[in-house]
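Undergrad: Mind looking over this structure? Questions follow.
Each value in this text was obtained by applying a stated rule to the coordinates, not by laboratory testing. Here the structure is a predicted model, which is why all the values come from computation and not from measurement. So basically every Cβ, Gly included, is an ideal-geometry build from the backbone, and we count neighbours across all protein chains shown.
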Amino acid sequence: MESSRQKMTLDTRGICLRAMTAETVITHLLEAARKKGADSQVGCGLLWACLELGFGRDLRIGGRKNTEGRAILDDRTSTGTFRVGKALFNVVLALPDDKHMLQIGDALEDSKFEVWLLTRSDRVATWRNELDHCEGVDPSRVVVASVEAFVGQNIAELSGFSAERKATQLRALFELYNSRWVAQVGTPGIRIVVK
């Protein structure tokens, strides 16, 4: 039996896909998801769908950790962490904490990866400051950006900066998110409904 959380939707009524920037659309969706307690999963799903659209490859969803609880950097990274080439994308919408700092430090120590930490727009400066002062983390190998700006900019670029194609790309992003991310991750199964 599905829980009521799995049936929630994020309605796009009031969000004009053609008139608003893609970044603004993503900001509105993440805020609506935050109010339902699901902004982290929606942010991860939108990043995953964006990377899928941009690279046209089948990025794995899911993950595992080794016996010490450290993330294993292979194609089976944790949910919310995606590997593309030598870049490791990680969505962390929470404020900086020891757990996430250790994960970033482990990722940098165990690899030649560049880490892209994507957070909420209002937390970018906080994360950057914490990383700049964190022992064991080389901040020159970590990009800190907002999910909203990263996904929004990529959608704008994929659309050739055309309002009509931007709306089409956003619909494609939401369709990919709904059809693959929600189906594979499951909880919270929040679908994005375009009205």
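Undergrad: Tell me, what ³J(HN,Hα) does each residue in segment 40-54 have, in order and in whole Hz, if you take phi through Karplus 6.51 cos²θ - 1.76 cosθ + 1.60 with θ = phi - 60° and put x for Gly and Pro?
TA: Taking θ as phi minus 60°, the curve returns 5, 5, 5, x, 4, x, 5, 4, 4, 5, 4, 5, 4, 4, x Hz for segment 40-54.
Undergrad: Report, ordered by chain and residue number, the aspartates and glutamates lying within cross-link reach of Lys195, taken as a straight Cα distance under 17 Å and ignoring same-chain residues fewer than 8 apart.
TA: Straight-line reach from Lys195, under 17 Å: Asp11, Glu164, Glu175.
Undergrad: Let me ask something else about it. At 0.36 nm per residue, and after removing the present C-alpha to C-alpha distance, how many nm does the segment from Glu135 to Ser162 gain when stretched out fully?
TA: 5.3 nm
Undergrad: Once you have the Cα-Cα distance between Glu31 and Leu102, take 0.36 nm times their residue separation minus that, and quote the gain in nm to one decimal.
TA: 22.8 nm
Undergrad: Please compute the Kirkwood hydrodynamic radius of segment 10-186 from all pairs of different C-alpha atoms, in Å with one decimal.
TA: Answer for segment 10-186: a Kirkwood hydrodynamic radius of 16.6 Å.
Undergrad: Okay, next question. Taking R0 as 25 Å, what's the FRET efficiency between Leu95 and Glu175 from their Cβ-Cβ distance, rounded to 0.05?
TA: Taking R0 as 25 Å, the efficiency between Leu95 and Glu175 is 0.20.
Undergrad: To the nearest 20 Debye, how big is the dipole of segment 10-186 about its Cα centre, given +1 on the beta carbon of each Lys and Arg and -1 on that of each Asp and Glu?
TA: That gives segment 10-186 a dipole magnitude of about 620 debye.
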